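S.K.: My questions will all concern the structure given below.
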Amino acid sequence: MGQRGNYLLKTSDGITIHYTHWRAISIMPDLYLGENQFIEFVRECKVNEELLEQPWIEGCVLVDMPERKLYFWCVACTFESSVMDYFISALERKWPGWKVSQLKKRMYDIEELLSIDYTSQQDRHVIDMPARAQIVDDSIADWETALVVIKHNNDAFITKTGDLSAEQIVAYGPDAISLLIEKQQYVLPAELDIKATECIVIDTGQKQIVMSSSSLHLWEDNSYKWDGYSCVVGDHGYPGVLKIAGFDVSELVMPMEAAARKCNELTQPQDGFDPYGFAENMRTHASDDIQFNPDFFDTVKPKRSWFDKFRAMMNKFLRGE
């Protein structure tokens with residue numbers, strides 16, 4: 001149990017790997033506190049000898065202090081690419097003089113930046129391979145998983161899936177295309193209206209797949225099924241994936257005012273999880289014999305300035321809380 005992540009501090013003396021057990025999902029608001037508060041917080045975090053392994057790592061930040069470059073990824077990054085673009089531009093104002101980059105290929109990017117071998121050392125993620133009937137019978141009920149775009153030259157077929165993921169489509173192979181184009185057709189939604197959490201574009205003319213997520217080993221393990229195809233993976237979001245695939249997205253992107261509002265919501269300071277309260281509750285209502293890993297009680301979090309506290313108080317007031 002946790003939201004584990006690594007913070008890497010690179011100085012002239014080398015790199016230290018810091019660990020958080022609960023704040024990987026709070027990377028965006030924590031970074032938004034600014035250079036001094038964030039680095040002070042990271043220095044208080046536990047130091048580890050090695051990076052977290054997959055699938056436990058849910059976020060990573062690399063602070064290159066000599067080069068003044070900030071890199072990050074986290075599973076909590078929004079799917080809306082306009083909001084991420086706005087966040088990065090706003091973050092550079094919070095970190096003046098720093099170059100900020102989202103690591104859209106996650107640990108693939110980290111290993112390239114650090115010149116290490118990481119991804120090949122990780123266990124293979126076993127994909128729930130769909131049967132033909134699962135693709136045929138898949139339908140939208142309570143939620144949407146993937147927006148699927150089959151592109152051929154200037155034509156595009158758009159459909160949506162209920163439970164079927166983009167990973168499963170890639171793992172099934174190109175035979176999935178003929179099954180998908182038998183489904184209900186839709187128009188491309190505006191960014192503000194997107195309900196799916198993934199997007200995949202399969203361009204049968206250019207023989208290219210573009211995905212909105214970075215799935216470790218997915219293409220390495222399944223490329224042999226897609227003869228002649230290339231694959232672009234990464235946290236490109238929507239409609240970022242469409243832009244990479246050659247679509248005009250000017251009529252789909254959300255207004256800047258909406259992106260700014262959503263960015264403000266995502267960057268509210270987070271108090272985080274209370275492990276001691278949870279443990280006490282479990283021991284009271286379940287069993288006194290429950291044992292917890294020492295890392296479970298990691299309570300290190302950024303120190304909030306009076307302005308951050310005032311901002312949080314005002315936002316709660318405006319929300320009527």
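S.K.: Could you tell me whether any residue of the range 73-96 is under 23 Å from SER12 (Cα atoms), of a type in the set (A, V, I, L, M, F, W, C) and at pLDDT 95 or above?
M.R.: Yes, the range 73-96 contains at least one residue that is under 23 Å from SER12 (Cα atoms), of a type in the set (A, V, I, L, M, F, W, C) and at pLDDT 95 or above.
S.K.: Now a separate question. Do we have any residue at all in the range 150-162 that's surrounded by fewer than 16 Cβ atoms within 10 Å (Cβ to Cβ), in contact with an Asp or Glu (Cβ under 8 Å, 6 or more places away or on another chain) and modelled with pLDDT under 95?
M.R.: Looking for residues that are surrounded by fewer than 16 Cβ atoms within 10 Å (Cβ to Cβ), in contact with an Asp or Glu (Cβ under 8 Å, 6 or more places away or on another chain) and modelled with pLDDT under 95, one finds at least one in the range 150-162, hence yes.
S.K.: Answer yes or no as to whether LYS183 is surrounded by 18 or more Cβ atoms within 10 Å (Cβ to Cβ), in contact (Cβ under 8 Å) with a residue 12 or more places away in the chain and more than 22 Å from SER214 (Cα to Cα).
M.R.: Here the answer is yes, as LYS183 does meet what is asked.
S.K.: Another one. Residues that are farther than 30 Å from LEU52 by Cα and in the same structural domain as ALA245 (by TED's automatic domain parsing): which strands (runs of 3 or more DSSP E) entirely in the range 116-212 hold 3 or more of them?
M.R.: Qualifying strands (runs of 3 or more DSSP E): 146-152, 155-160, 198-203.
S.K.: Related question: Can we say GLU111 is touching a Lys or Arg at 6+ places or on another chain (Cβ under 9 Å) and closer than 30 Å to TYR32 by Cβ?
M.R.: No: the conditions fail for GLU111.
A quick yes/no check of all residues on (1) basic (Lys, Arg); (2) assigned to a helix (DSSP H, G or I); (3) under 22 Å from the mean Cα position of the chain (by Cα); (4) modelled with pLDDT under 95:
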{"site": "SER223", "(1), (2), (3), (4)": "no, yes, no, no"}
{"site": "ASP227", "(1), (2), (3), (4)": "no, no, no, no"}
{"site": "ASP235", "(1), (2), (3), (4)": "no, no, yes, no"}
{"site": "LYS243", "(1), (2), (3), (4)": "yes, yes, yes, no"}
{"site": "GLY246", "(1), (2), (3), (4)": "no, no, no, no"}
{"site": "SER250", "(1), (2), (3), (4)": "no, no, no, no"}
{"site": "MET254", "(1), (2), (3), (4)": "no, no, yes, no"}
{"site": "LYS262", "(1), (2), (3), (4)": "yes, yes, yes, no"}
{"site": "PRO269", "(1), (2), (3), (4)": "no, no, yes, yes"}
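S.K.: Right, something else. Among the residues of the range 13-28, how many are in contact with a helix residue (DSSP H, G or I) (Cβ under 8 Å, 6 or more places away or on another chain), touching a residue at least 40 places away in the same chain (Cβ under 8 Å) and not aromatic (Phe, Trp, Tyr)?
M.R.: Residues flagged as in contact with a helix residue (DSSP H, G or I) (Cβ under 8 Å, 6 or more places away or on another chain), touching a residue at least 40 places away in the same chain (Cβ under 8 Å) and not aromatic (Phe, Trp, Tyr) within the range 13-28 amount to 4.
S.K.: Can you name the residue in the range 29-70 that is out of contact with any Gly (no Cβ under 9 Å at 6 or more places or on another chain), assigned to a helix (DSSP H, G or I) and in contact (Cβ under 8 Å) with a residue 40 or more places away in the chain and, of all such residues, is surrounded by the most Cβ atoms within 10 Å (Cβ to Cβ)?
M.R.: My answer is ASP30.
S.K.: Then there's this: Going residue by residue through the range 193-200, is there one that turns out to be of a type outside the set (Ser, Thr, Tyr) and over 26 Å from the mean Cα position of the chain (by Cα)?
M.R.: Looking through the range 193-200, none of the residues is of a type outside the set (Ser, Thr, Tyr) and over 26 Å from the mean Cα position of the chain (by Cα).
S.K.: Regarding TRP73, is this residue of a type in the set (Phe, Trp, Tyr), out of contact with any Phe, Trp or Tyr (no Cβ under 8 Å at 6 or more places or on another chain) and either surrounded by fewer than 22 Cβ atoms within 10 Å (Cβ to Cβ) or at positive phi (or both)?
M.R.: So TRP73 fails the test.
S.K.: Ok, one more. Just for the range 219-263: of the residues that are of a type in the set (S, T, N, Q) and either in contact with a Pro (Cβ under 6 Å, 6 or more places away or on another chain) or in contact (Cβ under 8 Å) with a residue 12 or more places away in the chain (or both), which one is nearest to ILE202 (Cα to Cα)?
M.R.: The selected residue is SER230.
The values are calculated or read from the model by the stated rules, or taken from the named source; none is laboratory data. Quick caveat, the model's predicted, so the values are computed rather than measured. With ideal geometry, Cβ positions are generated from the backbone for all residues, glycine too; neighbour counts draw on all protein chains shown.
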